[in-house]
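Student: Below is the structure I would like to discuss, written out as structure tokens.
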Amino acid sequence: MTSDAHALTTTEHNPVAGLSHDARGGISNPILGMLLFITSEVMFFAGLFAAYFNVRANADLWPPLIQGTEEQFHVDMLPLVLPATVLLVTSSFTCQFAVWAIRRNDRTGYLRNIAATVVLGIVFLLLQATDYSLLYGEGVTLDAGTFGTTYFTLTGFHGAHVFGGVIMLSVILYRGMAGQFSARHHDAVEATSLYWHFVDVVWIALFSTLYIL
């Protein structure tokens, strides 16, 4: 068997061969696909932010008054939102540490950091769900005027993306435990990390817009 034929046979029977880096230095299909997907998501969230600022700019008072009262809607960043933000930002670091670890072929470091990222993502979702329940108790609901609608639409769609990211991270954690990633074959890890960093950046923009501006 020639060396070319042997290489082809090895590639065909390697379950992660399609995730290897391009030998010519180009970008791999998984990473290119993720970048294109993130580009579409940027446009999606840009539309949501545009709608929010349009509603806010045309409102006489922002946040508006709670229906039937003389009190303004108020969303406190403490004690849940700020800690959740810190956890999500931290998870972006652990995710990148995992990428660096697998590039060094450090599978133990990779698994530990990806597992930590999954846990931090789940805790973020739990804190967001708790925050939602508290807001509902204070009258800030999805149908409570423009503020409630825009707030829950923005944070809800972001939460859905975090949930999707946790699933993706769980998949690459499982695959890593099965020994499917190495220093040569880890583009699925790189692609997932790009998505998770994007989710993190979107939340920082949301946090700044909803709680600081």
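Student: Of all residues in segment 141-189, count the ones that are more than 30 Å from residue 51 (Cβ to Cβ), touching a residue at least 60 places away in the same chain (Cβ under 8 Å) and either open to solvent by less than 20 Å² (accessible area, probe 1.4 Å) or of a type in the set (S, T, N, Q) (or both).
Tutor: Qualifying residue count for the region: 8.
Student: Out of 111, 154, 82, I need the residue that is at pLDDT 90 or above and under 16 Å from the mean Cα position of the chain (by Cα). Which one?
Tutor: That would be 154, the only listed residue that is at pLDDT 90 or above and under 16 Å from the mean Cα position of the chain (by Cα).
Student: May I pose another question? What's the number of the condition residue 130 fails, among (1) open to solvent by 20 Å² or more (accessible area, probe 1.4 Å); (2) not in a helix (DSSP H, G or I)?
Tutor: (2)
Student: Let me ask something else about it. Does residue 118 count as hydrophobic (A, V, I, L, M, F, W, C) and under 16 Å from the mean Cα position of the chain (by Cα)?
Tutor: The answer is yes for residue 118.
Student: Given the condition of a type outside the set (A, V, I, L, M, F, W, C), modelled with pLDDT of 80 or more and in contact with a Ser or Thr (Cβ under 6 Å, 6 or more places away or on another chain), answer yes or no: does some residue in segment 124-134 qualify?
Tutor: no
Student: How many residues, within segment 47-61, are surrounded by 11 or more Cβ atoms within 10 Å (Cβ to Cβ) and either assigned to a helix (DSSP H, G or I) or within 18 Å of the chain's Cα centre (by Cα) (or both)?
Tutor: 8
The values are calculated or read from the model by the stated rules, or taken from the named source; none is laboratory data. Values in this document were obtained by computation on a predicted structure and should not be read as measured data. Note: ideal-geometry Cβ built from the backbone for every residue, glycine included; neighbour counts use all protein chains shown. Ligands, DNA and RNA are stripped out before the accessible areas are found, and what is left, the full protein with its side chains, is counted by its heavy atoms. Shrake-Rupley method; radii C 1.70, N 1.55, O 1.52, S 1.80 Å.
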